[in-house]
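As structure tokens, the structure follows; a few thoughts come after it.
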Amino acid sequence: MTTWNLQGTVNHLLICNGSSCKKNKGEEVAEAIEAEIDKQGAGSLIHTTVTRCNGRCSDACVVISYPDGVWYREMTPKSGKALVRRLLEGERLEENIVYTYEGQLTAASSKGTKGKKKK
Ligand code: FES
């Protein structure tokens, strides 16, 4: 068990390690993101949590960023590192966005509308 002091955290990344995301390098994505956070000295700014399935397996590997509410699809170790750098610059990784939060989750492209409608 770990208890972090999260005072000052700017972004919280939820890195999916459900079965589909694990098959698509989810563990490597998590390791790459955490390594880039360390490399950038950003441990007090970006917090990570590895999760189980987030319900978007066709987008594996999924990474969700809060408080901005951006869902990223098809993340790789390389794009995970790029995401950390972009967040530290106050930017997003536009090319991997599947949903943004604008009062409700909104698909960033037609690909974001794939899947069953949640009831
Ligand atoms: S396993 Fe990651 S979204 Fe389902």
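As a proxy for reagent exposure, ranking Val63, Val98, Val50, Val10 by other Cβ atoms within 10 Å from fewest up yields Val10, Val50, Val98, Val63. Using a 4.7 Å Cβ-Cβ cutoff, the cysteines of the chain lacking any partner cysteine are Cys53, Cys57.
Along the range 3-8 the Karplus relation, 6.51 cos²θ - 1.76 cosθ + 1.60 evaluated at θ = phi - 60°, assigns HN-Hα couplings of 10, 8, 8, 9, 4, x Hz to successive residues, with x for each Gly and Pro.
Against the chain, whose longest principal axis comes from its Cα atoms, helix 26-39 is set at around 30 degrees.
GluC sites (Glu not before Pro), restricted to the range 66-117: which are DSSP loop and have at most 13 other Cβ atoms within 10 Å? Write down the numbers at each step before the final one.
Numbers: sites: Glu74, Glu89, Glu91, Glu94, Glu95, Glu102; in loops: Glu74, Glu89, Glu91, Glu102.
The qualifying sites are Glu89, Glu91, Glu102.
Here each label is just a point 7 Å from Cα along the line to Cβ, and for Asn5 and Glu94 those points are 3.9 nm apart.
In the range 25-119, a dipole from Cβ-located charges (positive for Lys and Arg, negative for Asp and Glu) runs towards its positive end, and of Ala42, Gly80, Ser58 it is Ser58 whose Cα lies farthest in that direction.
Amide H contacts of Lys25 (H built 1.01 Å from N, in plane; Pro and chain starts excluded): no residue 5 or more places away or on another chain comes under 5 Å. Here the chain is treated with +1 on each Lys and Arg Cβ and -1 on each Asp and Glu Cβ, and its dipole about the Cα centre works out to around 720 debye. Over the range 10-119, what is the percentage of antiparallel beta bridges among all DSSP beta bridges, to the nearest 5? If we restrict to bridges inside the range 10-119, about 65 percent are antiparallel.
Relative contact order for the range 52-119: 24 percent, from Cα pairs under 8 Å spaced at least 6 residues apart, divided by residue count.
For the pair Ala35 and Glu74 in one chain, pulling the backbone fully straight at 0.36 nm per residue adds 12.1 nm over the alpha carbon distance. Taking θ as phi - 60° and the Karplus parameters 6.51, -1.76 and 1.60, the scalar couplings of the range 86-91 work out to 4, 4, 5, 8, x, 10 Hz in sequence order, x denoting glycine and proline. Looking at the chain, the pairs of alpha carbons with a distance over 23 Å make up 25% of the total. Across the cross-link table entries Lys23/Lys118; Lys78/Lys117; Lys39/Lys78; Lys78/Lys118; Lys23/Lys78; Lys25/Lys118, which are compared at the Cα atoms, the separations over 21 Å belong to Lys23/Lys118; Lys78/Lys117; Lys78/Lys118; Lys25/Lys118.
Only the coordinates and a few stated rules stand behind these numbers; no lab work does. Here the structure is a predicted model, which is why all the values come from computation and not from measurement. As a convention, Cβ positions derive from the backbone with ideal geometry for all residues, glycine included, and neighbour counts pool all protein chains shown.
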